[in-house]
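Working notes, beginning with the structure itself.
The values are calculated or read from the model by the stated rules, or taken from the named source; none is laboratory data. Model, not experiment: these values are computed from the prediction. Every residue, glycine as well, gets a Cβ built from its backbone with ideal geometry; the counts of neighbours run over all protein chains shown. Accessible surface is based on the protein model in full, side chains and every heavy atom, while ligands, DNA and RNA are left aside. Shrake-Rupley method; radii C 1.70, N 1.55, O 1.52, S 1.80 Å.
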Amino acid sequence: MLTTEEVKHIALLARIGLSDTETGKYRKELSSVLDFFHELEELDLSGEREGIDMPVKENDTREDRVHGSGPVSREAILQNVPSRKDGFVKVKSVFSL
Amino acid sequence: MIRTLHEQLKNKETTAISLAESYLARIAERDPEIGAYLMVLGDEARKEAARVDLKIAHGETIGLLEGIPGAVKDNMCMEGTRTTAGSKILDNYVAPYDATIIRRLREAGAIILGKTNMDEFAMGSSTESSAYRQTKNPADPERVPGGSSGGSAAAVADGMAVFALGSDTGGSIRQPASFCGVVGLKPTYGRVSRYGLIAMASSLDQIGPFTTTVEDAAIVLSETYGYDPMDVTTAESDGKRFEDFLSGDIRGLKIGIPKEYLSDGLDERVRSVFTEAVERFRSLGAEIREISLPHSKYALPVYYIIMPSEVSSNLARFDGIRFGMSVNDGSERFAGSDTLLETYLDTRDYGFGDEVKRRIMLGTYTLSAGYYDAYYKKAQKVRDLIRHDFVDAFQEVDLVFSPTAPEAAFRFGAKQDDLIGMYLSDIYTVTANLAGVPAISFPMGTLNEDGKDLPLGGQLMARWFDEETLLRTADAFEKTNQ
């Protein structure tokens, strides 16, 4: 079973602010799913067969060249920004003062 | 059905506008009860239909999908249209561009009737996790349509669209197709571009159609697959028109039944419908063989490690800064936040539903320092073993056949407190995503429960990029219904 501290730590890493009630709820639920993974422990993966022999695409890279936002206009993208000023995205300060 | 409508349009027995109107009327009549749609795009649909009619009037040739009314799951971006992925966090999001799949539909001349309901960010097997509405199963309105593409499945099953697109990460097309009694196709990983599909788990996600017939699924696939520079996982088109392969002849094809899928726990009623379906394939001249996919029992735990890991990474973009809802939108609704960290924490706590939070945190955990090797890395290794199972199986057989789901549609709320029970709905479907092979669910029979005949789907899986054999086999089965 995960500890309350562990759940709080995961939630912070995941950038989800949880209330204490929620923390308790997710502690139970996440633990039950993690239990479900134990089945994998019985597998010996010291591995005689590594890699995949099936059709896999080669990496498909493009030239390293700036091409703007393609067909999508800057305005259309900015329309969705919740808080903006003078054509910039406005954010809160990183550190509290 | 698409071919018949196409002929009627061509021969001027009907018009695209009257076709669109009849589907819009059906939606107006039925959707208040069923709840398949999140948004109906009546004006746009009429405009597009008028354009097709003009083409026909000018004697121009039209493609098979031209003027055919369809619907798309609300996780596909349509320029200038609200796209929510069933989540509150995207409540006010207006897509600034068309997904490639939408562009392909437009180029093919299809009429898009609207956006369909889904589990939030495609996470669920019942469409109950949508932040917006409940979708009912047309076969029994007291039951769920399956998920996550429940809206698309219900729309097609209830005659509110000729075809609908869904996305399938672990069964989200096939399981609702099974529950609603329609055809659902998950193409090979890399067949159809996901550019503009709101990503859930990128190594698993694939877009595919819901239709009432196998031929229709083949037509929609033919019109939508191929290489897209915006999704580098896509393969070059092999130029195939899949509807051309539906000969009805499957003599000599080898169909494998994985013994691991028919364990003692399987519902006897599902087993008996499945056994009958196997006999139908045999009577069509297919050779039936028992096969083994030895790592099948690990597929579900592997899926529930890999998928949430990718989810936690993909959904990091919903941060209250760039798009979607934010506690800092300056509205009266929120108190706002003092720091950037608070913006993230509060926006994501408010905007995401339970199941999404669960999966993000699960994935964050399995990727975190100290646990990465034990969970994520291990799961990737087992995923390789599962792929090898299929490589080996396809040395012996051409197709793998199983039930699509271990059950028929369940009642609303039945699995609300049973997390693992809900996850078990995906037990037969996740392997195709982990291995990347194409798979289809088609109606194989019904199961009677409380006086209602509930649909059950059969699932066929085929070799990578062998959709023609997959569709030919499902079509041959369907033809025996006539």
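What the table below lists for this structure:
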| item | result |
| --- | --- |
| Unit charges at the beta carbon, dipole of region B:215-280: most positive-side option, B:Ala235, B:Ile219, B:Ile255 | B:Ile255 |
| Unit charges on C-beta of K, R, D, E only; dipole of the protein assembly as shown, Debye | 1060 |
| Alpha carbon Rg of chain B, scaled by the compact-globule rule 2.2 N^0.38 Å | 0.94 |
| For region B:348-366, residues shielded by at least 30 square angstrom of accessible area compared with the chain on its own, probe 1.4 Å | B:Arg348, B:Asp349, B:Asp354, B:Lys357, B:Arg358, B:Met361, B:Leu362, B:Thr364, B:Tyr365 |
| Shape category assigned to region B:84-211 from the gyration tensor of Cα positions, a/c cut at 1.5 | rounded |
| Scattering profile of the protein assembly as shown at q = 0.05, 0.12 Å⁻¹ [log10 I(q)/I(0), Debye over alpha-carbon scatterers] | -0.20, -1.22 |
| Filter on B:Lys378/B:Lys415; B:Lys47/B:Lys115; B:Lys297/B:Lys452; B:Lys10/B:Lys55; B:Lys115/B:Lys136; B:Lys297/B:Lys381 - keep pairs with C-alpha separation over 21 Å | B:Lys378/B:Lys415; B:Lys297/B:Lys452 |
| Residues of region B:239-335: accessible area per residue with a 1.4 Å probe, Å² | 45 |
| Rounded to whole Hz, the Karplus (6.51, -1.76, 1.60) HN-Hα couplings of region B:372-383, x for glycine and proline | 3, 5, 5, 10, 4, 5, 5, 4, 4, 5, 5, 4 |
| Total charge dipole magnitude, region B:174-262, about the Cα centre, Cβ charges on Lys, Arg, Asp, Glu only, Debye to nearest 20 | 380 |
| Shielding by partners, peptide A:77-88 (average Cβ within 10 angstrom, other chains) | 4 |
| Shielding by partners - mean other protein chain Cβ count within 10 Å, residues of B:311-318 | 1 |
| Lys/Arg +1, Asp/Glu -1 at C-beta; chain A dipole; positive extreme among A:Gly17, A:His38, A:Gly68 | A:Gly68 |
| Chain B, dipole about Cα centre (Lys/Arg Cβ +1, Asp/Glu Cβ -1), debye to the nearest 20 | 400 |
| Of all accessible heavy-atom area on region B:415-476, the percent that carbon and sulfur account for (1.4 Å) | 48 |
| Inter-chain Cβ neighbour average for residues A:29-41, partner chain, 10 Å | 6 |
| Equivalent ellipsoid, region B:197-318 (semi-axes from 5 times Cα gyration tensor eigenvalues, Å) | 31, 25, 13 |
| Where B meets A: accessible area buried, both sides, 1.4 Å probe, Å² | 5100 |
| GluC sites (Glu not before Pro) restricted to region B:5-88 and DSSP loop, no more than 12 other C-beta within 10 Å | B:Glu13, B:Glu60 |
| Peptide ranges B:464-477, B:383-396 listed from the most packed, as the mean C-beta count within 10 angstrom indicates | B:464-477, B:383-396 |
| Mean Cβ count within 10 Å, highest first, over the residues of peptides B:400-408, B:95-103, B:250-258 | B:400-408, B:95-103, B:250-258 |
| Label-point separation, B:Glu279 to B:Asp267 (7 Å along Cα→Cβ), nm | 2.1 |
| Shape category assigned to chain A from the gyration tensor of Cα positions, a/c cut at 1.5 | oblate |
| Mean ellipticity per residue at 222 nm, deg cm²/dmol - from DSSP H runs of n ≥ 4 across chain B, formula -39500 (n - 2.57) | -11500 deg cm²/dmol |
| Positive-end residue, region B:268-395 charge dipole about Cα centroid, Cβ charges, pick of B:Val270, B:Val356, B:Ile305 | B:Val270 |
| Protection proxy ranking of B:270-281, B:329-340, B:143-154, B:350-361 - average other beta-carbon atoms within 10 Å, highest first | B:143-154, B:350-361, B:270-281, B:329-340 |
| Under the Karplus curve 6.51 cos²θ - 1.76 cosθ + 1.60, θ = phi - 60°, whole-Hz ³J(HN,Hα) for region B:332-343, x wherever Gly or Pro sits | 6, 4, 10, 6, x, 9, 8, 10, 4, 4, 5, 4 |
| Cα-based Kirkwood hydrodynamic radius, region B:226-284, one decimal, Å | 15.4 |
